[in-house]
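Every number in this text was worked out from the coordinates using simple rules, so none of it is lab data. Predicted model, so just to flag it, every value in this text is computed and none were measured. As a convention, Cβ positions derive from the backbone with ideal geometry for all residues, glycine included, and neighbour counts pool all protein chains shown.
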Amino acid sequence: MSELTVYTTSWCPFSRRLVTDLDRAGIDFTSIDVDEDAAAAAVVQSLNNGNRTVPTVVFADGSSMTNPPLAQVQAKLAV
């Protein structure tokens, strides 16, 4: 299992950008589309004051970031 989960949608340019950046950086992650998974959408809403804001990144330690740049994710992972 990867160290982080990225909640996305297919239509969100910020989601596409982060996923592309993570791929290019060689960072392993699990991507979940909140449009296709109601439980995932509920997780995102619980982390964002009721908003379904993507991308939302959840780390193995349970912490999360909303719409972070790659550098911020790398810093958290100490990559």
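What the table below lists for this structure:
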item: Scope the stretch 13-56; condition under 17 Å from Lys76 (Cα atoms), hydrophobic (A, V, I, L, M, F, W, C) and in contact with a Pro (Cβ under 9 Å, 6 or more places away or on another chain); matching residues; result: Leu18, Val19
item: Looking only at the stretch 64-77, and only at residues there that are outside any helix (DSSP H, G or I) and polar (S, T, N, Q), the one that is farthest from Thr20 (Cα to Cα); result: Ser64
item: Inter-residue pairs, beta-carbon under 6 Å, first more than 15 Å from Asp35 (Cβ to Cβ) and in the stretch 6-22, second crowded, with 16+ Cβ neighbours inside 10 Å, 6+ apart; result: Leu18/Pro55; Asp21/Leu70; Leu22/Phe29
item: Criterion: under 14 Å from Pro69 (Cα atoms) and under 13 Å from the mean Cα position of the chain (by Cα) - qualifying residue of Thr30, Thr56, Thr5, Thr9; result: Thr56
item: Matching residues in the stretch 2-28 - criterion: being under 12 Å from Val57 (Cα atoms) and of a type in the set (A, V, I, L, M); result: Leu4, Val6, Leu18, Val19, Leu22
item: Asp61 being surrounded by fewer than 18 Cβ atoms within 10 Å (Cβ to Cβ), among the acidic types (Asp, Glu), touching a residue at least 24 places away in the same chain (Cβ under 8 Å) and part of a loop (DSSP other than H, G, I, E, B); result: no
item: Tally, over the stretch 1-54, of residues that are crowded, with 17+ Cβ neighbours inside 10 Å, in a helix (DSSP H, G or I) and of a type in the set (Ser, Thr, Tyr); result: 1
